[in-house]
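Comments concern the structure below.
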Amino acid sequence: MNEELKLTYLVRQALSHAVEDLDEKTVSRLHEARMEALSRQRVAIGRLGLAGIGLKTGVSLPAYGRTFIAAFALLLGVAFTYVWTHFEQAAQNEEIDSALLSDDLPPAAYLDKGFQAWLDRSSQSSQ
């Protein structure tokens, strides 16, 4: 990187010395051409836009506006995730409930303490 800076400095010095030898009219024309080129140069803008929408209005949001939009999008994503997982849990509970209700064993049998003891004994004997 240091070599690039040296080269840049040398080129700048050479161009500066070359300009000293030019007449006033040429220097003026070069300055005008440079100003015109700089006016046509595209400049990055700090505006919020969606694929070009809103960039033609000339309205730009301040920094806190962009922060607010980002925070709102994050909260919207969290809320959507919460609702989605709630629906998934409800679907799982629905499957469990339908399996219990369609079974030959009545639901009250699952609440019996003897049933839990029987499950414990049967799981130990199968191992």
### Query
Is there a residue being at pLDDT below 85, closer than 30 Å to SER16 by Cα and not hydrophobic (A, V, I, L, M, F, W, C) anywhere in the stretch 62-78?
no
### Query
Can you tell which of LEU105, LEU55 is hydrophobic (A, V, I, L, M, F, W, C), exposed (fewer than 10 other Cβ atoms within 10 Å of the Cβ), outside any helix (DSSP H, G or I) and modelled with pLDDT under 85?
LEU105
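The values are calculated or read from the model by the stated rules, or taken from the named source; none is laboratory data. Nothing here was measured: the structure is a model prediction, and the numbers come from that model. Glycine also receives a Cβ, built like all others from the backbone with ideal geometry; neighbour counts cover every protein chain displayed.
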